[in-house]
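A.B. asks: Can you keep this structure in mind? I'll have questions shortly.
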Amino acid sequence: MNMRIDLARSNRLYDIDPDIIPESLKADVLECIRAQKEAAKDEMERFEPAAGAAEAVSPAALKSILETGRDVHGIAIESEISNVIHFGARQVEGSVHDKTVKRLRSHVDEQMGDLLKTLFKSGHKLKARASGHFWYPPGSFMSWHTNSKLPGWRVYINYAETEGDSFFRYQSETGEIVTLEDRQWNLRVFPVRQDRPFWHCVYSQTHRFSLGYMLIDYSLIPRLKRNVRRIFK
């Protein structure tokens, strides 16, 4: 990647060439996935594909939400917007907590921190905070949401067992609905704002594993902590 993202001047999604992902990072992600499959065997046995998954991520579904004027923050508050298997989220009922997964995710986080330093222009005093950690089995979805209660930049690295059987969909600033079919490896960076909500969703007909990060400007950390306490108290 020749260019570096200037967070201060940019306000769009970046679908980054997965060739930038080091092989050592891929190996750590795959090791974490193996542990996730073991830790969530019971959850996977109980998993039921959602009959209305495709409809929930459709342009028509977003149009309906926008007509009401309401916001949808995300799974931390509205658990009904998704049927994914999630890991390590204290605020989400049914989240899988496993020491091995947590330890292996920390290895991924360390390598992701090194990679993120190469993606952004110098001068940004950023902290990458681990956030969403999801397993999307076939027939799973995360319907339209904005994450707008916790603004900042998001980064997701995800692995899809089969290419083209899952996607990330979002509404651009012009109102266009854009669908990004997943490759096997994907690395995406996008902004989350309160004044201009970034509506997005996910759909999968394969096993898709996703690890998220929230990029925080050090100067905003006190404000962020107040927001987190207000949302999850």
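Bear in mind that the values in this text are calculations on the coordinates, not laboratory data. Please read all numbers here as calculations on a predicted model, not as lab measurements. When we count neighbours, we look across all protein chains shown, and the Cβ atoms used for this are built from the backbone with ideal geometry, even at glycine.
A.B. asks: How do the strands (runs of 3 or more DSSP E) wholly within segment 134-200 filter down when requiring 1 or more residues that are surrounded by fewer than 21 Cβ atoms within 10 Å (Cβ to Cβ) and in contact with a Cys (Cβ under 9 Å, 6 or more places away or on another chain): which remain? Steps first, please.
C.D. replies: Numbers: elements: 140-145, 152-160, 166-171, 177-181, 185-192.
Qualifying strands (runs of 3 or more DSSP E): 166-171.
A.B. asks: So which pairs qualify, if the first residue must be in segment 12-31 and in contact (Cβ under 8 Å) with a residue 60 or more places away in the chain and farther than 13 Å from Gln111 by Cα, the second must be outside any helix (DSSP H, G or I) and among the basic types (Lys, Arg), the Cβ gap must be under 7 Å, and the two must be at least 6 apart or on different chains?
C.D. replies: Matching pairs, first to second residue: Leu13/Arg188; Tyr14/Arg188; Asp15/Arg188; Ile16/Arg188; Pro18/Arg183.
A.B. asks: Can you find a residue in segment 4-19 that is out of contact with any Leu (no Cβ under 7 Å at 6 or more places or on another chain) and over 24 Å from Trp199 (Cβ atoms)?
C.D. replies: Within segment 4-19 (the criterion being out of contact with any Leu (no Cβ under 7 Å at 6 or more places or on another chain) and over 24 Å from Trp199 (Cβ atoms)), the answer is yes, since at least one residue qualifies.
A.B. asks: So, one more: What about Glu110, is it outside any strand (DSSP E or B), without any contact (Cβ under 8 Å) to a residue 12 or more places away in the chain and closer than 25 Å to Thr68 by Cβ?
C.D. replies: The answer is no for Glu110.
A.B. asks: A further question on this structure: Just give me the residues in segment 61-97 being among the basic types (Lys, Arg) and not in a loop (DSSP other than H, G, I, E, B), in sequence order.
C.D. replies: Lys63
A.B. asks: Could I ask something else about it? Given the structure, is Ile33 within 20 Å of Arg169 (Cα to Cα) and β-branched (Val, Ile, Thr)?
C.D. replies: The answer is no for Ile33.
A.B. asks: Assuming Asp28 fulfils every condition listed in (1) loosely packed, with under 15 Cβ neighbours inside 10 Å; (2) more than 27 Å from Tyr170 (Cα to Cα); (3) in contact with a His (Cβ under 9 Å, 6 or more places away or on another chain) apart from one, which condition is it?
C.D. replies: (1)
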